[in-house]
Amino acid sequence: MGAISSIARNSRALSLPIQQQNARAGCLRVRPPRDRRTPWSNASRRWKRIRKAPQQTPGDAETVRLINQGKPGEAERLQLQAAQDDEAAGLARTKKAAERYRGIAATAGLADPKKAREYYAKAAKLDPNNINGMVWHANMEQDAGNLPEAERAYNVVLGAAVKGKNDRWLYWARLGLGDLSMARGTLLGALSVYQQASSDAERHAKADHPSNAQLQRDLSFSCIKVGDVLEAQGALADALKAYGDGLAIAERLAKADPDNAGWRRDLSVAYERVGDVLKAQGALADALKAYRDSLAIAERLAKANPGNAGWQADLAASHGKLGQLYVRMGDKAEARRMFERGRAIVAPFAEKSGHQRWIGSLKAFDKDLAALEK
């Protein structure tokens, strides 16, 4: 997923330091279910639920208005004060305070993953029985490289979720645990977890809800995950098939709903994965086409919402992938152009957020640029 949601795979040594290169890696990292039709849709829904709850405050309506106007900074300040008031009120309003913190995280995370992580952690502490909040907490801790806490939180979900009621959250928690195994270099463990998640996704997508786009997306996601492990194991033909299966589903979803940014983003990632394998197989011209297809989608998403750090991370990742391919093809001038564009994207985020992923990505681009001068 680019920087905000990826594990670097341009190196075969899948270890913790690799996470620092995520901004240019393009690996599909776990992202729990969220409607991405508009940047503020998820946060707005959260706050509309709060307004309907007991003990609502006049500030809640103003928060929803600010979110809908695309003013996350103003909304965050208002939300934070309300959350602190709820928290100070004690146990009677603890869950409401947690819901507010999750709402803050949903808006802050679009531009500042570090803030989102802090707010999700606070919500998880206040309301540990909230399944979706715990998945998001685990996800953000994983992004930050805090693997032990991410693992603890994912296991809390597996222990608390109810089969038949929380199936999608169980699915995402399993994928998260698979990602942790990948980060630690335990490929067989990751493959086992991904295959279990894939089996569950296929059962739900094909048998229970064959027309449900979200479940079809889950199936596509798990195909990509299985492909990741197969590629890391060197089973390139099998990886290409798994990626192709995921790509076919992503193409259908994006074609059926072209305004859905999430579907288009998934398609971009699938193209990139196919390009990775083609590059490894030496089919450089075909890899170039796949990477360019991925870049075209990433550019449109980033241009449509320049404040979304995830979309910017994906765009930087695409430039990094193309730069590495041009190096392989012997075109240093084009490689430099790609690396410089990617660096220009990640540098402001690295400086502003201090996030491990952005800083690692900036260093990786600098290293690639320096290598071109040798």
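The values are calculated or read from the model by the stated rules, or taken from the named source; none is laboratory data. All values reported here derive from a predicted model rather than from experimental measurement. No Cβ is skipped: glycine too gets one built from the backbone with ideal geometry, and neighbour counts run over all protein chains shown.
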Of 262, 176, 189, 185, the only residue that is in contact with a Ser or Thr (Cβ under 6 Å, 6 or more places away or on another chain) and touching a residue at least 60 places away in the same chain (Cβ under 8 Å) is 185
Filtering the range 84-112 down to residues that are at pLDDT 75 or above and among the aliphatic types (A, V, I, L, M) yields 97, 98, 104, 105, 106
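Given the structure, is residue 198 crowded, with 22+ Cβ neighbours inside 10 Å and at pLDDT below 90?
Numbers: crowded, with 22+ Cβ neighbours inside 10 Å: yes; at pLDDT below 90: yes.
For residue 198, the condition - crowded, with 22+ Cβ neighbours inside 10 Å and at pLDDT below 90 - is met.
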Of the candidates 270, 285, 280, the one satisfying the condition of being of a type in the set (Gly, Ala, Ser), surrounded by fewer than 16 Cβ atoms within 10 Å (Cβ to Cβ) and touching a Leu at 6+ places or on another chain (Cβ under 6 Å) is 280
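Looking at this structure, is residue 206 surrounded by fewer than 22 Cβ atoms within 10 Å (Cβ to Cβ), basic (Lys, Arg) and either in contact with a Pro (Cβ under 8 Å, 6 or more places away or on another chain) or within 29 Å of residue 164 (Cα to Cα) (or both)? Can you show your working first?
Numbers: surrounded by fewer than 22 Cβ atoms within 10 Å (Cβ to Cβ): yes; basic (Lys, Arg): yes; either in contact with a Pro (Cβ under 8 Å, 6 or more places away or on another chain) or within 29 Å of residue 164 (Cα to Cα) (or both): yes.
Yes, satisfied.
For (1) surrounded by 23 or more Cβ atoms within 10 Å (Cβ to Cβ); (2) under 24 Å from the mean Cα position of the chain (by Cα), each residue gets a yes or a no:
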residue: 291; (1), (2): yes, yes
residue: 294; (1), (2): yes, yes
residue: 306; (1), (2): no, yes
residue: 329; (1), (2): no, no
Some residue of the range 192-214 being of a type in the set (A, V, I, L, M), in contact (Cβ under 8 Å) with a residue 40 or more places away in the chain and part of a helix (DSSP H, G or I)
yes
Inset, instruction - Return yes when residue 156 is over 26 Å from residue 267 (Cβ atoms), touching a helix residue (DSSP H, G or I) at 6+ places or on another chain (Cβ under 7 Å), surrounded by fewer than 21 Cβ atoms within 10 Å (Cβ to Cβ) and free of Cβ contacts under 8 Å to residues at least 40 places away in the same chain and no when it is not. - result: yes
Scanning the range 202-229 for residues that are of a type in the set (A, V, I, L, M, F, W, C) and modelled with pLDDT of 85 or more, the one farthest from residue 264 (Cα to Cα) turns out to be 229
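Do the conditions hold for residue 307, that is, is it among the small types (Gly, Ala, Ser), touching a residue at least 60 places away in the same chain (Cβ under 8 Å) and out of contact with any Lys or Arg (no Cβ under 8 Å at 6 or more places or on another chain)?
On the way: among the small types (Gly, Ala, Ser): yes; touching a residue at least 60 places away in the same chain (Cβ under 8 Å): yes; out of contact with any Lys or Arg (no Cβ under 8 Å at 6 or more places or on another chain): yes.
So residue 307 passes the test.
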Test for residue 74: is it under 30 Å from residue 351 (Cα atoms), modelled with pLDDT of 85 or more and charged (D, E, K, R): no
